[in-house]
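The values are calculated or read from the model by the stated rules, or taken from the named source; none is laboratory data. Keep in mind it's a predicted model, so treat the numbers as computed, not measured. When we count neighbours, we look across all protein chains shown, and the Cβ atoms used for this are built from the backbone with ideal geometry, even at glycine. Ligands, DNA and RNA are excluded from the accessible area calculation, which covers all protein heavy atoms including side chains. Shrake-Rupley method; radii C 1.70, N 1.55, O 1.52, S 1.80 Å.
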Amino acid sequence: MDTILIIAALIVGLGLGAAIAFMLIKKANEKKADSIIKEAETKGEVLIKEKNLLAKEKFLQLKAEHEKLINEKNNAIQAAENKIKQKEQTISQKQEQVQRKDAELDTLRQNLTHQLEVITVKQQEVEKFHRRQVEQLETLSGLSAEDAKAQLVESLKAEARTDAMSHIKDIVEEAKINANKEAKKIVIQTIQRVATEHAIENSVSVFNIENDEIKGRIIGREGRNIRALEAATGIEIIVDDTPEAIILSGFDPVRREIARLSLHQLVTDGRIHPARIEEVVEKVKKQIEEEIIEIGKRTTIDLGIHGLHPELIRMVGRMKYRSSYGQNLLQHSREVANLCATMAAELGLNVKMAKRAGLLHDIGKVPDDQPEVPHAILGMQLAEKFKEKPEVCNAIGAHHDEIEMNTLIAPIVQVCDAISGARPGARREVVEQYIKRLKDLEALALSYPGVEKTYAIQAGRELRVIVSSDKVTDKDSETLSFDISQRIQTEMTYPGQVKVTVIRETRAVNYAK
């Protein structure tokens, strides 16, 4: 019992101690909080005062800047006002000058008006005098002034036309004699000094065989040999009833040559089957490529051209298997090179450069990968790519007038190319185009009044025009010949030159009965 009481007393004592301690702690915290609040209030007042001071300083600074800006604007406004005042003074002075000039102009205008009145009166008097003279002339001649004027104009026109045609004819003849004399001499000498061959390339080749039994071996069982050969070479092989001959048809001369040599080796060897055909064709292709390079080297050596890029040498060799309008391209290029060298020597120019440009002028016809580019431009690009001289590149690119000529070699190459292509037998022309060109030539001349008949002769190099003698005079014949030649020159495309001959004759026919 005593123990319980002791424990209870301890618990009560502990509770009272805890309550007293809590009260003491609470009072201490309240005092601390009050001190913190007072300290915070003190700091807040200090901060407020500082902020107020900063705000006042900022306000004063902004006020000073504002006043400065206002002063600057006022100064600018004052300066602008001064300028405006100066301009106003200048304008006032100019207005005074204008007023003075207006006064002077009024005085001049009055003087001119008076002078015009005097001139008008004099003109009226002159017109009256002129009318009286015209009336007197009309009375004497029996013609009105308009009729006399028309007759005078017509007579002057006819006289002027006759004199003009006479002068034109004299000038043309004199120009032909003086301007073309030396040119013809040089061209003729050049042509005479160059030996040319007449060779025409075709689109088919003929392979001769000893007997017709070989045709069966070439065709093979169920045509397997001929199909393998066509697939390997890209050439159509025609085996028909032609005795001891097989036709190789294809537009590419290189392929035709490969097919021809392959057939020759196969027939000589006797072993003809698809595997052997492929082997022989590959071997022949390598031989042809080596032969192309050898042809290019031999051509450059023959022409005395050195330092040519290997790729250009290969392209020169491939020219042997290219043709232009039936004319072998290598033969044409060699011919142009020799012509250029001869003409350059006659004119005192660089012979080696002219020969080089002549050989390479059609190099753009060799590649097959850029058919949309003109061959002259493509050839110039290839020459530039392989470091040829600018003179040679310009001559290549300008020989068909795609670009402007800037060297003396360029027109020589153009002229020699025309000489080589236009000589008889050099090129073939499709029959339909040839006939159409001759018909167009005759139709052009028939479109003129007074023309009765036209004949295109000498392969279209001469046009004979027969006119009616009662509709066309001798002087009109000269004019007609000149007009037709000018129209042919501007409207038609033709090789060389076309001679226009106008024939006018008078026939008197009677019959003895």
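Just a few scattered comments:
- Scanning region 445-457 for residues that are of a type in the set (Phe, Trp, Tyr) and open to solvent by 50 Å² or more (accessible area, probe 1.4 Å) yields a single hit, Tyr455.
Results for (1) part of a loop (DSSP other than H, G, I, E, B); (2) open to solvent by less than 80 Å² (accessible area, probe 1.4 Å); (3) modelled with pLDDT of 90 or more, shown as yes or no for each residue.
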{"site": "Ala443", "(1), (2), (3)": "no, yes, no"}
{"site": "Ala459", "(1), (2), (3)": "yes, yes, no"}
{"site": "Arg464", "(1), (2), (3)": "no, no, no"}
{"site": "Val472", "(1), (2), (3)": "yes, yes, no"}
{"site": "Ile488", "(1), (2), (3)": "no, yes, no"}
{"site": "Thr506", "(1), (2), (3)": "yes, no, no"}
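- The lone exception for Ser481 - which of (1) without any contact (Cβ under 8 Å) to a residue 12 or more places away in the chain; (2) of a type in the set (S, T, N, Q); (3) open to solvent by less than 80 Å² (accessible area, probe 1.4 Å) it fails: (1)
- Residue list for region 346-387, filter: open to solvent by 40 Å² or more (accessible area, probe 1.4 Å) and acidic (Asp, Glu): Glu346, Asp368, Asp369, Glu372, Glu384
Here's the yes/no breakdown for (1) open to solvent by less than 100 Å² (accessible area, probe 1.4 Å); (2) in contact (Cβ under 8 Å) with a residue 12 or more places away in the chain; (3) of a type in the set (Asp, Glu); (4) assigned to a helix (DSSP H, G or I):
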residue: Leu5; (1), (2), (3), (4): no, no, no, yes
residue: Leu10; (1), (2), (3), (4): no, no, no, yes
residue: Leu14; (1), (2), (3), (4): no, no, no, yes
residue: Lys27; (1), (2), (3), (4): no, no, no, yes
residue: Glu45; (1), (2), (3), (4): no, no, yes, yes
residue: Ala76; (1), (2), (3), (4): yes, no, no, yes
residue: Lys85; (1), (2), (3), (4): no, no, no, yes
residue: Thr90; (1), (2), (3), (4): yes, no, no, yes
residue: Val98; (1), (2), (3), (4): yes, no, no, yes
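- When Ile272, Ile258 are screened for being touching a residue at least 40 places away in the same chain (Cβ under 8 Å) and either crowded, with 21+ Cβ neighbours inside 10 Å or not in a helix (DSSP H, G or I) (or both), only Ile272 passes.
- Across region 297-328, the number of residues qualifying as in contact with a Lys or Arg (Cβ under 8 Å, 6 or more places away or on another chain), more than 23 Å from Val351 (Cβ to Cβ) and assigned to a helix (DSSP H, G or I) comes to 1.
- Test: residue in region 289-311 that is among the charged types (D, E, K, R), surrounded by 21 or more Cβ atoms within 10 Å (Cβ to Cβ), within 30 Å of Ala232 (Cβ to Cβ) and under 29 Å from the mean Cα position of the chain (by Cα): no
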